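Single-structure report; data block below.
The values are calculated or read from the model by the stated rules, or taken from the named source; none is laboratory data. Just so it is clear, the model here is predicted, and its values are computed rather than measured. When we count neighbours, we look across all protein chains shown, and the Cβ atoms used for this are built from the backbone with ideal geometry, even at glycine.
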Amino acid sequence: MAYAAGGVVLLAGCASMPDSGDLRGVESTPRQDTQVRVFAMPPSEDATPTQIVQGFLEALTSDDPDYKTARQYLTPQAAKTWRPELSTTVLSNGPGARADRPDREDTGSLSYTLTGSKVATVDEQQSFAPASGPYDKLVHLTKDAKSGQWRIDVVPQGVVMGKSDFQRNYMSVNKYYFASNTTRTAGTALPMAVADPVYVRRHVDPTTRMVNSLLGGPTTWLDPVVRSSFPTGTALREGTGPLTPDDRGRLTVPLNDSAAEVGTGRCEEMAAQLLFTLRGLSPAVDEVELRAGGGQLCSLTREGAEIVATRGALHQPEYLYFVDGERRLARIAAGTSDTDPDPVPGPLGEGGTTLRSVAVARDERSAAGVGVDGKSLYVTSLVAGSSLGEPVLSSRGKTEDDRLTAPSWDAQGGLWVADRDPDAPGLYLLEDGGGEPVEVRTPGLDGRVRAVRVAADGVRIALVVEEGERRSLLIGRIERNTEAGGTDERPAVTVLELRSATPELEQVTAMSWAGDSRLVVVGREEGGVEQMKYVEVDGSTPDVTPPAALTGVKAVTASEDELAPLVAYSVDGIVRLPSGAQWQKVTEGTAPVYPG
Amino acid sequence: MSGDSAASAPGRPGDRPERPVGRKPAGSRWGRLFEGGLLEGGVQGSPVIRLFMRWVRRPLLPVMRLWRRNIQLKVVATTLLMSLGVVLLLGFVVIGQVRNGLLDAKVKASQSQATGGFAVAKQQAEEAVSVTGDEETAADGRPSQSVIQWMSDLVESLSSGGQGAFDVVTLPAADASGSGRGPRASGQVNPTASVPAELRERIDENTSAAQSYTRIVYDTGKESQPALVIGKQVNDPNRDPYQLYYLFPLTQEEKSLSLVKGTLATAGLFVVVLLGAIAWLVVRQVVTPVRMAAGIAERLSAGRLQERMKVTGEDDIARLGEAFNKMAQNLQLKISQLEDLSRMQRRFVSDVSHELRTPLTTVRMAADVIHEAREDFDPVTARSAELLADQLDRFESLLADLLEISRFDAGAAALEAEPIDLRDVVRRVVSGAEPLAERKGTRVKVVGDQQPVVAEADARRVERVLRNLVVNAVEHGEGRDVVVRLAAAGGAVAVAVRDYGVGLKPGEATRVFSRFWRADPARARTTGGTGLGLSIALEDARLHGGWLQAWGEPGGGSQFRLTLPRTADEPLRGSPIPLEPKDSRRNRGLDDAGLPSGGRHGGKSATAPARQPGADGPARDPFALPPTAVTPTADPTALPGNGARVVARTGSTRMTPGTPAGDGTPHGGGTGDGTATRRTSRGEPDSGAEGPGGGSASRDGERDGEASRGR
């Protein structure tokens, strides 16, 4: 009887949907790839010149690895000389083709003009640069005497396509090199990897192309301040096919004989460069094995790479710091939903000095604060009982806005700050957070520096520069040169080749590093409203969703560790944006900063 | 009956030779195959095929046998097959309906989605025209606008609406002009392979939307899958047509369908198993009583008439059992009635004989007195006295024979067997017949008496048999020699008596052993023996477990052969002397008239009666007789006194020259053909046997009474 009853219960259980049961993890299904691909078509028989030109332009947007189909639109001579890899021109709306002298079609010679407005260019080194201005190139067609087919015999070098096609076909990947200009590394002996973003074609074997690009060296802009662990002349061994990781994510990279003599330490740095570079690509690479001269040089796993070298995104902040309602320095554990701030130990947290803005060193042992009037910069230790001391730097600006900016620490313990005094503007570096401030030379910089943020790698600096009514975001590289000038003891520090990362924004109000080569920017376009967005250091827009809109943002901070939530100071106080959620209020206060 | 331990003997000797016959061809087939394979090298195909067929069939034979014999297997297998068929049919119908239902829903949803998509594409093209129309006015009317990017953006925006639910593909129209000709596809779809060519042609010709089923082929390693593709021709901003396709993968539908399939298959399997089990149970319920009835019937037919079926319940099976039992009971009753009747008749004959004996003794004594004094009478009276004495002698011997026969019938005859030398018996008989032979002018020769011929036998009975045979031979030998041949071989001894008289007509060889048989029934039995001599001789031979057989041919004389086992219990396997003598006409190639004859077959042999004593068992029990067709049958009512005289051992009436040779004769003769079933009944000559002998009908008279000669 009991068995029968049990059977009935069991059957009843089977016959209805379960409302309880075991806990089980959900495997995330990979997001389906809905990318649109264009399939290039070879020229059809007796195609008109217009069809030839349009077909050629269309073939440029396809995934054809070597543009074989596009070359079929060219005369054999032009096909030989045309080098699509030289450059990529991105137009806002795709190239238009206008026929010149259309009435002379029957003469066997015809010209078209490709038109459009330039948005950006990608040079031979695959380095992206924003561009503007009209695009105007000539395309010339001839009619083959024998076959009677129209073909292009004069074609501009490189590839041209519209913006959305560019976004579909290309992706930004960071190459990693090691910072070379640092006189010393503070706290850690690991070489600091610097991201060097380049654009590669998304569907055309990106792994191999990235390896080749990495071996080819850094882009020109970054070259003076970085070094590559790969010996000069290192390349993939000849005849190497496409590189693909095996089932366990292990990628074998055969190198030529130039790399055959490197030691294990150097080799591991090389492997770390590769692993950092390939980390975002699919299929994922978990381990790199370098081979040269017929033998294995070394093998390094992804975890091993973080022991060999470091990069900014690997540093996880412990606390989020801000200035609380009593103008003291307070902190909240980062990455938690904690909303209860604690004053930091040490003089800045004790309320002896009212603060306007702060910066905490990346090791979170010392902090710098600018007084509420913006006049004085204090540097002190975050240890209870230490004293505040005298200000290390003072400004003589007339108003609060004309005095010191918020300071910024670099990875080596240097403290950067700018003086906004219109009479004596300047960018200063305090080595080790103290001593005599060094005035940093900024050749080519017009206008006043309104904000300073140094990248974790210490070789790039982001400045908000005010020039008239316009405040733009500029990225420069930091060169330290012991010979070129300055005193004997101190190297001259120069910020060189400042370039705009957000040419379209005319009012940048706040910014912060948000990754190895990424910043989060609050600004306003011409005629637009204030918005918050991510930008790459090369000026391109990264392929990530922008943060949710927030009004009245006065300050923003993000960690280079992308897991830490974005934090902003807005009219609602200090708010943060956890991943996948809306803005949340944290607490009252101003000037939130992550270490750095 | 229990005394006739060899009740089924008539059947058994019939069976025995059959087996070798059956086995032999099999062996010879192998031999033939072997020879064929070796000698007929040119036609190797057929033996190989035959060998293969046999090889294939061999393991199937037990299965076939089981199939033929087992009704349960048949019913269960048929049920399984039929239910499987129904389940399959049902499965096809249900799956077809589910498939149609799924497809209908999917097609409707897909069509509305695709229609919306086509509208969006059209709208975007119009918007693009209106936007760019202001900027770049193409004065020359040429397509100034690049649709390359527009088209890619369109595909992307369309496909982003349904990740995984559908993919979007554009293809150039057949008369592609302008830009944007390159196929575009979302979701790694291979556009040209996934869109069927017929659909493309249709879209080219017709501006309305069309749909088709296809397989989506992916450029990545992903497996292709069935899909519904809906396409339409749409204009781009330059008013150039292109083809826009929506591809809806039917993955989900296929999953649902395979779920239904799996469910149906499982359910079907269960149903088939259930039906099979039900059939097995039901058939078992029916077959078990039927098998029991078959077993009981077999036992009944084997004579165990008291067997009954167990009947439980009141259902159809129980009724069958009851009817069966009733039938068995009635049979048992009838059989015992008939047995009683038969026993009564035998006792009556025996009693009559005994009762006649007492007055006969008195009559005899009186007749002897009269006979002694006959010389005192007048000649007529004296003659009457002599006749009286003669007929009294005859009466006495007839009575004695009848008593003897009734003793046999009653099973009262006892065999007093002891080792005897048959030569002594033969000598005694021959010397006893010497006076008669001299009277007839016949010489009796004894052949084969150099060696002792010893057998365990009853000397008195053997002597009686042989005397009967020798006297008969002398009487019917027409003055010619009579040869008595003795032989011993194997486990048997034989004595054959050969005469060269009128012989036997076809069919007579068996009938000579019948009681009171005579060739011409019209003639009164006034002379000779009682007509029971050979019958008694046959019974004597049977008592020994031996054979008494006759052979004869018209005009060629006859031969009677007595074969006895060397030891009393041993069954006979053959006889040392062939039944048909070597000097028969046929063997010499002569016809009835003594002329050489090629094709005629005048020879008539009859291996009549004498068989094991049990041979009369079945005859006495007619209801038990039928089982073996080979067994001779007789109408009991046609037999005088009792039904036991029916003998079967007639054997072949036409023996081939070869068969008599050796000791195989009795077997061959006994089993051969339909003649073994011939009925022998007094006074009814077998018409069939009469036929060939018609030519010598004129001599019938001379042979009259041949069989009745005795003693």
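Things worth noting here:
- The condition of being surrounded by 10 or more Cβ atoms within 10 Å (Cβ to Cβ), at pLDDT below 80 and over 30 Å from the mean Cα position of the chain (by Cα) holds for only one of A:74, A:10, that being A:10.
- Qualifying residues in region A:249-263 (those that are out of contact with any helix residue (DSSP H, G or I) (no Cβ under 9 Å at 6 or more places or on another chain) and in a strand (DSSP E or B)) - the one farthest from residue A:228 (Cα to Cα): A:250
- Within region A:146-170, the residues that satisfy the criterion of being within 14 Å of another protein chain (Cβ to nearest Cβ), in contact (Cβ under 8 Å) with a residue 40 or more places away in the chain and among the polar types (S, T, N, Q) are A:167, A:169.
- Flag if residue B:407 is surrounded by 12 or more Cβ atoms within 10 Å (Cβ to Cβ) and within 17 Å of residue B:461 (Cβ to Cβ): yes
- Any chance residue A:94 is in a loop (DSSP other than H, G, I, E, B) and within 35 Å of the chain's Cα centre (by Cα): yes
- Residue ID - surrounded by the fewest Cβ atoms within 10 Å (Cβ to Cβ), chosen from residues in region A:500-556 that are part of a strand (DSSP E or B) and of a type in the set (Val, Ile, Thr): A:509
- Among residues that are more than 21 Å from residue A:194 (Cα to Cα) and either in contact (Cβ under 8 Å) with a residue 60 or more places away in the chain or not aromatic (Phe, Trp, Tyr) (or both), residue A:305 is not included.
- Condition broken by residue A:354, with the remaining ones in (1) within 19 Å of residue A:590 (Cα to Cα); (2) surrounded by 16 or more Cβ atoms within 10 Å (Cβ to Cβ) satisfied: (2)
- When residue A:91 is tested against the conditions (1) within 25 Å of residue B:151 (Cα to Cα); (2) more than 14 Å from chain B (Cβ to nearest Cβ), the lone failure is (2).
- Of the listed requirements (1) in a helix (DSSP H, G or I); (2) more than 9 Å from chain B (Cβ to nearest Cβ); (3) touching a strand residue (DSSP E or B) at 6+ places or on another chain (Cβ under 7 Å), residue A:111 misses just one: (1).
- The number of residues in region B:142-179 being under 15 Å from residue A:162 (Cα atoms), more than 7 Å from every other protein chain (Cβ to nearest Cβ) and modelled with pLDDT under 75 comes to 0.
- Flag if residue A:133 is surrounded by 16 or more Cβ atoms within 10 Å (Cβ to Cβ) and not polar (S, T, N, Q): no
- Qualifying positions in region A:405-426 - of a type in the set (A, V, I, L, M) and modelled with pLDDT under 85: A:411, A:424
- Of the residues screened, residue B:473 is one that is of a type outside the set (Ser, Thr, Tyr) and modelled with pLDDT of 85 or more.
- Looking only at residues in region A:410-434 that are in contact (Cβ under 8 Å) with a residue 24 or more places away in the chain and farther than 17 Å from residue A:359 by Cα, the one that is surrounded by the most Cβ atoms within 10 Å (Cβ to Cβ) is A:420.
- Positions within region A:469-490 being modelled with pLDDT under 80 and either touching a helix residue (DSSP H, G or I) at 6+ places or on another chain (Cβ under 7 Å) or assigned to a loop (DSSP other than H, G, I, E, B) (or both), in sequence order: A:482, A:483, A:484, A:485, A:486, A:487, A:488, A:489, A:490
- Screening residue A:40 with (1) surrounded by 22 or more Cβ atoms within 10 Å (Cβ to Cβ); (2) away from chain B (no Cβ under 11 Å); (3) in a loop (DSSP other than H, G, I, E, B) gives one miss only, at (2).
Table: residues versus (1) surrounded by fewer than 24 Cβ atoms within 10 Å (Cβ to Cβ); (2) modelled with pLDDT of 85 or more; (3) assigned by TED's automatic domain parsing to the domain that holds residue B:508.
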residue: B:528; (1), (2), (3): yes, no, yes
residue: B:534; (1), (2), (3): no, yes, yes
residue: B:538; (1), (2), (3): no, yes, yes
residue: B:543; (1), (2), (3): yes, yes, yes
residue: B:550; (1), (2), (3): no, yes, yes
residue: B:562; (1), (2), (3): no, yes, yes
residue: B:565; (1), (2), (3): yes, yes, yes
residue: B:569; (1), (2), (3): yes, no, yes
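- Some residue of region A:451-464 being surrounded by fewer than 22 Cβ atoms within 10 Å (Cβ to Cβ) and either out of contact with any Pro (no Cβ under 8 Å at 6 or more places or on another chain) or not hydrophobic (A, V, I, L, M, F, W, C) (or both): no
- Selection count, region A:128-167, where residues are assigned by TED's automatic domain parsing to the domain that holds residue A:89, in a strand (DSSP E or B) and among the small types (Gly, Ala, Ser): 1
- Residues that are among the acidic types (Asp, Glu) and free of Cβ contacts under 8 Å to residues at least 60 places away in the same chain within region B:480-511 comprise just one, B:481.
- Per-region count, region A:52-70, residues assigned to a helix (DSSP H, G or I) and crowded, with 20+ Cβ neighbours inside 10 Å: 11
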